[in-house]
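Written out below as structure tokens is the structure these notes cover.
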Amino acid sequence: MGKKTKSASSKSRRSPAGTTVIQKAVYRAPNNTTKLEILVKKIGEAPHDKCFVLKDGRVLKDLVELAHSLDHMSDDVFNHHVNNSKNDFRNWIRDVFGQKELAAELEKAKTRSDLQLAVLRHIVKETFS
């Protein structure tokens, strides 16, 4: 069995609502190919008392769950949380996660798809930066 030659870099960042840990490892495998492993990926989770409760009773604890729920949310639930007078998702992201830049993007979002895309872009940026 061949030996892995490993050169790894890892980062750990703290956000107000939890810890983001990203560990990446790049190594040359025994068959002389280069491998990239993402060992751990965790984007902050809201404290138990600051989870987002949707109008239909579902509970969201992080941005990944928000992005996923936007795909499966009824128009009634979405329009209850996002309309001309309020954007509950923007407020939750700004106030609980301290993500002012993402909150500003959500303020500009005109559709559910725009909102979901902004959240997904943020997740990718946080994961791979």
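The values are calculated or read from the model by the stated rules, or taken from the named source; none is laboratory data. Quick caveat: nothing in here was measured; it's all calculated off a predicted structure. Because the Cβ atoms are built from the backbone with ideal geometry, glycine has one as well, and the counts that use them run over all protein chains shown.
Would you please name the residue that is surrounded by the most Cβ atoms within 10 Å (Cβ to Cβ), looking only at residues in the range 100-117 that are touching a Lys or Arg at 6+ places or on another chain (Cβ under 8 Å) and under 18 Å from Asn79 (Cβ atoms)? Going through the qualifying residues, I end up with Leu106. Highlighted here are the helices (runs of 4 or more DSSP H) found entirely within the range 81-129 that include at least 2 residues which are farther than 22 Å from Lys50 by Cα: 112-128.
Identify all residues within the range 118-129 that are surrounded by 13 or more Cβ atoms within 10 Å (Cβ to Cβ), out of contact with any strand residue (DSSP E or B) (no Cβ under 7 Å at 6 or more places or on another chain) and of a type in the set (Val, Ile, Thr); write none if there are none. Scanning the range 118-129 gives Val119, Ile123. For Ile93, the test of being modelled with pLDDT of 95 or more, buried (at least 19 other Cβ atoms within 10 Å of the Cβ), of a type outside the set (Ser, Thr, Tyr) and under 23 Å from Phe128 (Cβ atoms) is passed.
Let's see how each residue does on (1) modelled with pLDDT of 55 or more; (2) aromatic (Phe, Trp, Tyr); (3) out of contact with any helix residue (DSSP H, G or I) (no Cβ under 7 Å at 6 or more places or on another chain); (4) farther than 17 Å from Leu102 by Cα:
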residue: Ser7; (1), (2), (3), (4): no, no, yes, yes
residue: Ala25; (1), (2), (3), (4): yes, no, yes, yes
residue: Pro30; (1), (2), (3), (4): yes, no, yes, yes
residue: Ile38; (1), (2), (3), (4): no, no, yes, yes
residue: Ala46; (1), (2), (3), (4): yes, no, no, no
residue: Lys50; (1), (2), (3), (4): yes, no, no, yes
residue: Lys55; (1), (2), (3), (4): yes, no, no, yes
residue: Glu65; (1), (2), (3), (4): yes, no, yes, no
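Scanning the range 96-129 for residues that are closer than 15 Å to Asp62 by Cα, among the charged types (D, E, K, R) and in contact (Cβ under 8 Å) with a residue 40 or more places away in the chain turns up just one, Glu126.
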